[in-house]
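Derivation of every value follows stated rules applied to the coordinates shown; laboratory data play no part. It should be emphasised that the depicted structure is a prediction, and the values quoted were computed from it without experimental measurement. We place every Cβ from the backbone using ideal geometry, glycine too, and count neighbours over all the protein chains shown.
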């Protein structure tokens, strides 16, 4: 045996078995840590935080003008739930698996003795970890700064958490499935939710925004168009959509070609 | 394994009936289509422990074949078995194989030791940190393990990828152009490492499009061109086949017709033509004795009072070798 072969020999206790498999929880932690590190970019975080702060500044101005609860709810809905949370979720959710696939590092997680779903769920949790503080703190602070009370703060917290989970899951799925996820995601946010889904109650059922608006309306009693679900429905349906999106993403990741 | 056939006729692929069913890697009648593009066509081979080189020009289908062997993409036709299992569907076999991908992709935010540790953890290895350190030692990167891989040169990144592939002590190691970007010292070191793994009974399959690399990688070669396996066998047979083939050379001279006539009369060339593309002062010759032509060309030119302006081989590239292997010309 050559010297090099001797060097290759590891201690007996380190020798692997032929039936190794990564437990799901360990795989999930691994995926979470790797994706979180990949997603964490100072420039990206600063830019998205500034975007989120727009809602805070607008709410502060509204609060200074002694606006009523309805104006405050409209502002939170239009800025926080229609722009800030979906866009930030798109950036992080779409990149969670999408960046790994695009930069071809996905192979380091895919070609391993582990299930696929922990990769997708770990990536989703990493996206939520970054999206939640960047969006929820400024948007909830905006709700506080309107100074209107009347359930707007708890409504914003509940609807915000639901929105972050649902959008991150849907955009994680898009990142698994599609290239140019930002383009598709913006098309969903701007064209589907921002235009087509406003056309009627039937179409609006297929927009996450309808459910988050419903929670806000249900908690404040303010009357907004296309927001007529109860709080339980507004919570359960988006969360169910999130579960389905992650399941679909896991299935897709198992069956797609990897570069 | 089918030995290299004679060069005069197009080479037949290996006989699928002869494939060893218990080999570590068995590729049986495998084709891969991307729409109307045939990336890999009816490839058959079976290989066992030791180092095997997969030789082919860029775009020949090497990476696609490797991706199928690793289960990253399914064959459109045929079947692949790695250690007796389908790598696309069998989760456990993925713990027994490793791939060094061609693309320069790493988790750039991680240090080298963290990157290799992630690889060890993703194989459920105990003492991932210890194994990561050991793997970095194997590729001479232990002393820079704390630096982030994003700061590394291409050669260092290449070695990190190899370290990542070593952590699970793989029975099958697939390396897609692993020597790209390495300096000569590191190339020698890596080749020695691959041979050590092969000597230890691992199945090491290495791709390259550089002929000289293959000479050092191993005696067994698979030659792939245009998606087809055109030859397989011992490298020395391939080398002698190449040495025997005619070499095409362009010669620039002040009197090309007179020089060409003299070369034919003295039996140094087997064919010649005037090279109209490069102006009137050039001719193209085919020779079976490149060394002899090289030695005698200048004295002949001096004797005839002809000034030589250029002597350059035209087909000393790998594509010409494949053309010769596939088409016999």
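Values for this structure:
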item: Three-way shape call for region B:104-178 based on the alpha-carbon gyration tensor, with the a/c threshold at 1.5; result: oblate
item: Residues of region A:196-231 with amide N under 14 Å of a point placed 7 Å along Cα→Cβ from residue A:78; result: A:224-225
item: Two-decimal ratio, chain A, of alpha-carbon radius of gyration to 2.2 N^0.38 Å; result: 1.18
item: Projected-area mean, the protein assembly as shown, by convex hull of Cα positions, square nanometres; result: 34.5 nm²
item: Within chain A, helix-based [θ] at 222 nm, where runs of 4 or more DSSP H residues each add -39,500 (n - 2.57), nearest 500; result: -22500 deg cm²/dmol
item: Residue with peak Gaussian network fluctuation, chain A [Cα springs, cutoff 10 Å], from A:133, A:86, A:238; result: A:133
item: Spin-label model distance (nm) - residue A:68 vs residue B:215, 7 Å beyond Cα toward Cβ; result: 8.9 nm
item: Estimated inter-spin distance, residue B:286 and residue B:310, nm [label 7 Å along Cα→Cβ]; result: 2.1 nm
item: Region B:84-131 and region B:257-301: distance between their alpha carbon centers, rounded to Å; result: 55 Å
item: DSSP bridge orientation in the protein assembly as shown - percent antiparallel, rounded to nearest 5; result: 65 percent
item: Kirkwood Rh (inverse of mean 1/r, distinct Cα pairs), region A:168-259, angstrom; result: 14.3 Å
item: Tilt relative to chain A, helix A:231-255 - C-alpha long axis, 0 to 90 degrees, to 10; result: 30 degrees
item: Helix B:256-265 vs. chain B, principal-axis angle (Cα, 0 to 90°, nearest 10); result: 80 degrees
item: Average partner coverage of A:100-113, which counts Cβ from other chains inside 10 Å; result: 6
item: Residue B:254/residue B:296 FRET efficiency (R0 22 Å; Cβ-Cβ; nearest 0.05); result: 0.75
item: Between helix B:154-166 and chain B: long-axis angle, C-alpha atoms, 0 to 90°, nearest 10; result: 50 degrees
item: Counting DSSP beta bridges with both ends in chain B, the antiparallel % (nearest 5); result: 65 percent
item: Calculated Rg and Dmax of chain B using C-alpha coordinates, Å; result: 23.6, 76
item: Burial ordering of B:69, B:80, fewest other beta-carbon atoms within 10 Å first; result: B:80, B:69
item: Debye log10 I(q)/I(0) for region A:149-195, one point scatterer per Cα, at q = 0.25, 0.27 Å⁻¹; result: -0.89, -0.95
item: Region B:38-71-region A:68-110 distance, computed between alpha-carbon centres (Å); result: 41 Å
item: Beta bridges per DSSP with both ends in region B:48-206, % antiparallel, nearest 5; result: 15 percent
item: Highest-first arrangement of A:56-67, A:202-213, where packing means the average Cβ count within 10 Å; result: A:202-213, A:56-67
item: Gyration tensor (alpha-carbon) shape descriptor, region A:94-227, a/c threshold 1.5; result: prolate
item: At R0 = 56 Å, FRET efficiency that the Cβ-Cβ distance of residue A:191 and residue B:303 yields, to 0.05; result: 0.10
item: Spin-label pair residue A:103/residue A:201, simplified geometry with 7 Å Cα→Cβ offset, distance in nm; result: 4.8 nm
item: Helix-derived mean residue ellipticity, 222 nm - over chain B, DSSP H n ≥ 4, -39500 (n - 2.57), to 500; result: -10000 deg cm²/dmol
